[in-house]
Amino acid sequence: MATAVPAERDAVAQAFPGPVRERKLPGAVVHAVAGGPGLLAAGVGPALAAASTAVALTAAALEGRPYALVVCAGIGGGFAPHAPLGSLVVADAITAADLGAETADGFLPVTELGFGTVTHRPPAPLVEAAAAASGARTGTVLTVSTVTGTAARAAALRARHPDALAEGMEGFGVAEAAAAQGVPVLEVRAVSNPVGPRDRAAWRIGDALAALTAGFGKLAPVLESWNRHDHR
């Protein structure tokens, strides 16, 4: 199953030609491609993405046709110069960047408060195969509830997460839903804007969607042949 917002879902769908059947579920609509994945416009933000992904996964499991992999696909901000505009990033770690507490000494993730988790790690062999097929960079993709809009916040995020290449708003939510049902997850982001001062004139959404479409054309064989049981 691939999760995205509508424009990103359509970009992914181009990699999987075939008849599409719309399936309405409580709180979610899955577009099932014949012989391909289920495509879900999961919504914006980690909470809605988690909820709609959980609905789709649960429905498939109850029908005896559970998904073997969840892919969170979309566009997002890239940390310059490591992930330039139009580049593709495959996450080797999916991290909630703002799940925790602000203190006088700085930000503390929930793991340092003694509970929860802030990072999900996709299967390393799948990350490597996906990056090799698509030419993507690999690194941490941060999930934020508020898009970064200042140089100071971009610098703070990069200082806390030196391996971060990109930020999005859904990956960690999707990963939480997948982990709850024991399904592996992958996150793929095409860079539409630099992480930093908010400048809509610098956004390249069309270029990012084109990169996502092209990337998934190369990724499709890797995803279709993926079998987690071969990589335990």
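Could you point to the residue in ALA96, LEU25, PHE115 farthest towards the positive end of the chain's charge dipole, with +1 and -1 charges on the Cβ of Lys/Arg and Asp/Glu respectively?
The listed residue farthest towards the positive side: LEU25.
Taking all protein chains in place and a 1.4 Å probe, what share, in percent, of the accessible surface of the chain do carbon and sulfur account for?
57 percent
Please list, in chain and number order, the residues 5+ apart from ALA166 or on another chain whose amide H is under 5 Å from its amide H, with Hs placed from the backbone.
Those qualifying (amide H under 5 Å, at least 5 residues apart or on another chain) are PHE79, LEU142.
Rounded to the nearest 5, what % of DSSP beta bridges with both residues in the chain are antiparallel?
Just about 45 percent of them are antiparallel.
Give me the percent of DSSP beta bridges within the stretch 63-168 that run antiparallel, rounded to the nearest 5.
The antiparallel fraction comes to roughly 40 percent.
With charges only on Cβ, +1 for K and R and -1 for D and E, what is the dipole size of the stretch 120-232 about its Cα centre, in debye, rounded to 20?
280 debye
Would you kindly derive the ³J(HN,Hα) couplings of the stretch 105-118 from the backbone phi angles with the Karplus curve 6.51 cos²θ - 1.76 cosθ + 1.60 (θ = phi - 60°), listing them in order in whole Hz, with x for Gly and Pro?
3J(HN,Hα) across the stretch 105-118, in whole Hz: 9, x, 7, 10, x, 4, 5, 7, 8, x, 7, x, 9, 10.
Determine the shape class of the stretch 1-159: with a ≥ b ≥ c the square roots of the Cα gyration tensor eigenvalues, call it rounded for a/c under 1.5, and otherwise prolate if a/b is greater than b/c, oblate otherwise.
In terms of gyration-tensor shape, prolate.
Tell me, what is the per residue accessible area of the chain in Å², probe radius 1.4 Å?
Each residue of the chain exposes 45 Å² on average to a 1.4 Å probe.
So which helices of the chain fit the span-like rule, where a helix is a whole DSSP H run, its Cα atoms reach 18 Å or more along the axis, and its mean Kyte-Doolittle is at least 0.0?
46-62, 205-225
Let me know the shape class of the stretch 79-167, please: from the alpha-carbon gyration tensor, a ≥ b ≥ c as square roots of the eigenvalues, rounded when a/c is under 1.5, otherwise prolate if a/b is greater than b/c, or oblate.
Oblate is the answer for the stretch 79-167, as a/c is 1.5 or above yet b/c matches or exceeds a/b.
Would you calculate, for the chain, the mean residue ellipticity at 222 nm contributed by helices, counting each DSSP H stretch of 4 or more residues as -39,500 (n - 2.57) and dividing by all residues, to the nearest 500?
Calculated mean residue ellipticity at 222 nm is -10500 deg cm²/dmol.
So for the pair ALA80, ASP199, with labels modelled 7 Å out along Cα→Cβ, what separation do we get in nm?
With each label point 7 Å from Cα toward Cβ, the separation is 0.5 nm.
Note down the nm distance, to one decimal, between modelled labels 7 Å out along Cα→Cβ at ARG23 and at LEU48.
Between ARG23 and LEU48, the simple spin-label model gives 2.3 nm.
With the cut-off at 1.5 for a/c, could you classify the stretch 81-232 from its C-alpha gyration tensor as rounded, prolate or oblate?
oblate
Quick one: dipole size for the chain, taken about the Cα centre, charges +1 on Lys/Arg Cβ and -1 on Asp/Glu Cβ, in debye to the nearest 20.
360 debye
Go through the stretch 30-36 residue by residue and turn each phi into a ³J(HN,Hα) via Karplus (6.51, -1.76, 1.60, θ = phi - 60°); whole Hz please, and just put x for glycine and proline.
Per-residue couplings from phi come out as 9, 9, 8, 8, 4, x, x Hz.
At a Förster radius of 25 Å, what calculated FRET efficiency corresponds to the Cβ-Cβ distance of LYS218 and THR150, to the nearest 0.05?
FRET efficiency, LYS218 to THR150: 0.10.
The values are calculated or read from the model by the stated rules, or taken from the named source; none is laboratory data. Computed from a predicted structure; not experimentally measured. Don't worry about glycine lacking a Cβ; one is built from the backbone with ideal geometry, like all the others, and counts go over all protein chains shown. Just the protein is used for accessible areas: all its heavy atoms, side chains included, with ligands, DNA and RNA removed. Shrake-Rupley method; radii C 1.70, N 1.55, O 1.52, S 1.80 Å.
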